[in-house]
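Trainee: For reference, the structure I am asking about is given below.
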Amino acid sequence: MVGGLGDQIRRAASIELPDLPAARELLVLGMGGSGISGDYLAHLASLHGSRVSGHKSYGLPGWVGSARPTVLALSYSGNTEETLSGVEAAAEMKLPLIAITTGGQLGDLAATQGWPVVGVPGGLQPRAALGHLLGAALRVAGVTGLLPSPVADLHEAAGMVDSLVAEGGAGWALAGDLAGDLARRGVIVYGSTGLTAPVAQRWKTQINENAKRPAWWSVFPELDHNEIVGWSADKSVNDRVGVVVLTDRDDRDEVGRRIRITREVTGGDVRWIGEVNAQGESPLARMMSLTAIGDMVSVALAEGAGVDPVPVEPIEDLKKRLREER
Ligand code: F6R
C-alpha cells in the first residue's frame, strides 16, 4: 500500500500532458482518496498566490457562476456519483474542464465532450494511487499557470518518500513505534493551518481505510477554541483515544507556542502519543514525508490488528446500494 508511492510521484514528473488551457483559478471536484489531492494542491497553490478550491459534494458551489473557474475533475475510478454530478453541472455551465482518471464514466464523458484527460494507471485502490493523482494534478497546475513547474519538487518528494519507506529504514521504525502506542485507540491527528492540515486529513482517512478503525483530524489554532474543552469531563473516552501532532518548520511561531501550551493544559486528560515533524526542503517533499509516515502508521496498525489493509467493503457496499436505488 505504501511501497509504490515514490515511484508514482517520480513517474508523474515525466508524464505527457494533453494541450491544456491557461487557468486563472481551479475548482477541484473529487471525493475520498482522489479528492485529497485537491486539498494538497490548494495549499501548494496558495503558497504561490493562486486560488485552488476543493468541492466534495454534489453539484457545484454557488460562486462558480461569477468566478467561472477551470474545473479539475479528479476521480480514480471515474464513476464517483458526487464528482460526476459536479462535472455534469460544469458542462451545463460550459466551464473549462480537465479530467484526471483511469477511465469510467468520467473518461467516457470527457471523450464525447472533447475535454482533456490526464490518464493514470489503473488496478489500484484510489487512496493507494496518491502519487499518480497528486502528481498529475500538480503537473496540470504547472502547465495551466497556477504553479511554477513542480518537476524538481516531485523528484525531491519521490526521493524523500523512497528513503522513508525503505525496508528496515527509519520511517518504518517511527511508524511502528507510533502504531504500537496507538494500538486499540481511536486516533486523532492534529495539524495546523499550513501544509500539515491536509496531511492530517490524509492520516485520518488512511487509518480509517487501511487499519479499519475510527480516526479524526483537527487543526490548530481552531481546536484550541473548542476541542480542548471536550477532553475535560468523560475520562473513560480519553483513555481510548490518542493524539498525534504533525508539525512543519514553516508553522508560525504562534502555532508552536499553542501546541506546547495546549499539551501542558490538557496533559492530564489527553494521551499525547507523539509529534511527527516534516522533513525535506520543498513544501511538497515535506508534505509527502508526513504522508509517507502516516501511510506506514496505518499499515502498521492494520498488521498489528491482523487486518487486511486493502479492501474497503463498507464503501463498496454503500456505492452498490446507492446505484441500486438510483
Ligand atoms: C478507496 C478510497 C475512496 C475513493 C472514493 C472516491 O481506496 O480511497 O475514498 O477514493 O470513494 O472514489 P474515486 O477515487 O474512484 O473517485
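Trainee: Scan the range 100-115 and give yes if some residue there is within 12 Å of the ligand (Cβ to nearest atom), of a type in the set (A, V, I, L, M) and at pLDDT 95 or above, otherwise no.
Mentor: Start the filter on the range 100-115 by keeping residues that are within 12 Å of the ligand (Cβ to nearest atom), which leaves 100-107.
Next, only the ones that are of a type in the set (A, V, I, L, M) stay: 100, 106.
Subsequent filtering for residues that are at pLDDT 95 or above retains 100, 106.
For the range 100-115, residues within 12 Å of the ligand (Cβ to nearest atom), of a type in the set (A, V, I, L, M) and at pLDDT 95 or above: present.
Trainee: Would you mind stating whether Leu26 is away from the ligand (no atom under 14 Å from the Cβ) and in contact with a Lys or Arg (Cβ under 8 Å, 6 or more places away or on another chain)?
Mentor: yes
Trainee: I'd like to verify a number: residues in the range 105-148 that are among the polar types (S, T, N, Q) and farther than 14 Å from Ala73 by Cα, how many?
Mentor: Looking only at the range 105-148, we keep the residues that are among the polar types (S, T, N, Q), and these are 105, 112-113, 125, 144.
Checking which are farther than 14 Å from Ala73 by Cα leaves us with 112, 125, 144.
Number satisfying all stated conditions: 3.
Trainee: Checking Asp269 against (1) assigned to a helix (DSSP H, G or I); (2) over 19 Å from Gln201 (Cβ atoms), which test does it fail?
Mentor: Asp269 satisfies all of (1) assigned to a helix (DSSP H, G or I); (2) over 19 Å from Gln201 (Cβ atoms) except (1).
Trainee: Being under 14 Å from Ile207 (Cβ atoms), touching a helix residue (DSSP H, G or I) at 6+ places or on another chain (Cβ under 7 Å) and at pLDDT 95 or above is the filter here; which residues of the range 166-190 pass it?
Mentor: Ala175, Leu178, Ala179, Leu182, Val187, Val189, Tyr190
Trainee: For the condition over 23 Å from Met288 (Cβ atoms), open to solvent by less than 10 Å² (accessible area, probe 1.4 Å) and in contact (Cβ under 8 Å) with a residue 24 or more places away in the chain, what is the one hit in Leu26, Leu20, Leu106? Spell out how you get there, then give the answer.
Mentor: On the way: Leu26 fails: over 23 Å from Met288 (Cβ atoms); Leu20 fails: open to solvent by less than 10 Å² (accessible area, probe 1.4 Å).
Of the residues listed, the single one that is over 23 Å from Met288 (Cβ atoms), open to solvent by less than 10 Å² (accessible area, probe 1.4 Å) and in contact (Cβ under 8 Å) with a residue 24 or more places away in the chain is Leu106.
Trainee: Quick one: is Gly114 out of contact with any Phe, Trp or Tyr (no Cβ under 8 Å at 6 or more places or on another chain) and under 23 Å from Gln206 (Cβ atoms)? Steps first, please.
Mentor: Numbers: out of contact with any Phe, Trp or Tyr (no Cβ under 8 Å at 6 or more places or on another chain): yes; under 23 Å from Gln206 (Cβ atoms): no.
No: the conditions fail for Gly114.
Trainee: Same structure again: Which residue is most open to solvent (accessible area, probe 1.4 Å), if the candidates are limited to the range 203-245 and must be among the aromatic types (Phe, Trp, Tyr) and under 20 Å from the mean Cα position of the chain (by Cα)? Let's see the steps before the verdict.
Mentor: Of the range 203-245, the ones among the aromatic types (Phe, Trp, Tyr) are 203, 216-217, 220, 231.
Subsequent filtering for residues that are under 20 Å from the mean Cα position of the chain (by Cα) retains 203, 216-217, 220.
Details: Trp203: 2, Trp216: 126, Trp217: 91, Phe220: 1 Å².
The residue in question is Trp216.
Trainee: In this structure, is Ala157 out of contact with any helix residue (DSSP H, G or I) (no Cβ under 7 Å at 6 or more places or on another chain) and assigned to a helix (DSSP H, G or I)?
Mentor: no
Trainee: Still on this model: Could you grab me the full set of residues in the range 194-207 that are out of contact with any Pro (no Cβ under 7 Å at 6 or more places or on another chain) and closer than 24 Å to Gly256 by Cα? Steps first, please.
Mentor: Step one: of the range 194-207, the residues out of contact with any Pro (no Cβ under 7 Å at 6 or more places or on another chain) are 194, 196-207.
Once the filter is applied, which keeps residues that are out of contact with any Pro (no Cβ under 7 Å at 6 or more places or on another chain) and closer than 24 Å to Gly256 by Cα, the range 194-207 yields Gly194, Thr196, Ala197, Pro198, Val199, Ala200, Gln201, Arg202, Trp203, Lys204.
Trainee: Now for a different question. List the strands (runs of 3 or more DSSP E) inside the range 1-115, counting only whole elements, that have at least 2 residues being among the β-branched types (Val, Ile, Thr) and under 30 Å from Asp308 (Cα atoms).
Mentor: Correct list: 97-101.
Trainee: Could you check how many residues of the range 116-137 are under 20 Å from Ala13 (Cβ atoms) and either part of a strand (DSSP E or B) or open to solvent by less than 40 Å² (accessible area, probe 1.4 Å) (or both)?
Mentor: Matching residues across the range 116-137 total 15.
The values are calculated or read from the model by the stated rules, or taken from the named source; none is laboratory data. Note that the structure is predicted; figures quoted are calculated from it, not measured. Glycine gets a Cβ as well: all are built from the backbone with ideal geometry, and neighbour counts include every protein chain shown. Heads up: the accessible areas ignore ligands, DNA and RNA and are worked out on the full protein's heavy atoms, side chains in. Shrake-Rupley method; radii C 1.70, N 1.55, O 1.52, S 1.80 Å.
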